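Quick note: the coordinates plus some simple rules give every number you see, no bench work behind them. As the structure is a prediction and not an experimental result, all values here were calculated from the model. Cβ: placed from backbone, ideal geometry, glycine included. Neighbour counts: every protein chain shown.
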Amino acid sequence: MAKLTPYFYSEDARSQANFYVQALGGQINDQMTYGQAPGTDEALKDRIIHMSFTAAGVNFFIADTMHEQPEPSNGYDLNLEFKTDEEAQRAFANLSEGGRVIMALEKQFWGTLFGRLADKFGIKWQISTEAQQPQR
């Protein structure tokens, strides 16, 4: 079985990772700067070559881009499914701060909360709640 870990490239990896940790709850697990690599240009020494963090119980990787600007996510969303409406509403509100709501978080015809947004870094998210088991 494989394990999928989203890997973000950022103009400011520290700020972006801290935003997700604050918005979703979590922690920075470890980080390495370009300054830790041999022969790094002094101007790049504090930039992030690799960072791992956990947010909403999910592991993520992130790094600063060196020369190219990261492109906005196209053709995919990251989906976070929460157990409770309150967790989903809090995550949606926090992630959409400074970003753009694509589809409001609302109860859908299939019975769960669902909404889409692009955060202030251009990452697109789907926020939903777990389907409720029918009562017998």
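Of all residues in the stretch 84-136, exactly one satisfies the criterion of being within 17 Å of Gly25 (Cα to Cα) and basic (Lys, Arg), namely Arg90. Considering every residue within the stretch 85-100, establish whether at least one is closer than 30 Å to Glu130 by Cα, free of Cβ contacts under 8 Å to residues at least 24 places away in the same chain and of a type in the set (Ser, Thr, Tyr). Looking for residues that are closer than 30 Å to Glu130 by Cα, free of Cβ contacts under 8 Å to residues at least 24 places away in the same chain and of a type in the set (Ser, Thr, Tyr), one finds at least one in the stretch 85-100, hence yes. For the stretch 45-73, residues that are surrounded by 18 or more Cβ atoms within 10 Å (Cβ to Cβ) and among the aromatic types (Phe, Trp, Tyr) total 2. Residues that are surrounded by fewer than 17 Cβ atoms within 10 Å (Cβ to Cβ) and at negative phi within the stretch 15-32 comprise Ser15, Asn18, Gln22, Gln27, Ile28, Asn29, Asp30, Met32, listed in sequence order. Does Glu81 satisfy the condition of being acidic (Asp, Glu) and either surrounded by fewer than 12 Cβ atoms within 10 Å (Cβ to Cβ) or in contact with a helix residue (DSSP H, G or I) (Cβ under 9 Å, 6 or more places away or on another chain) (or both)? Considered against the rule, which asks whether it is acidic (Asp, Glu) and either surrounded by fewer than 12 Cβ atoms within 10 Å (Cβ to Cβ) or in contact with a helix residue (DSSP H, G or I) (Cβ under 9 Å, 6 or more places away or on another chain) (or both), Glu81 comes out as yes.
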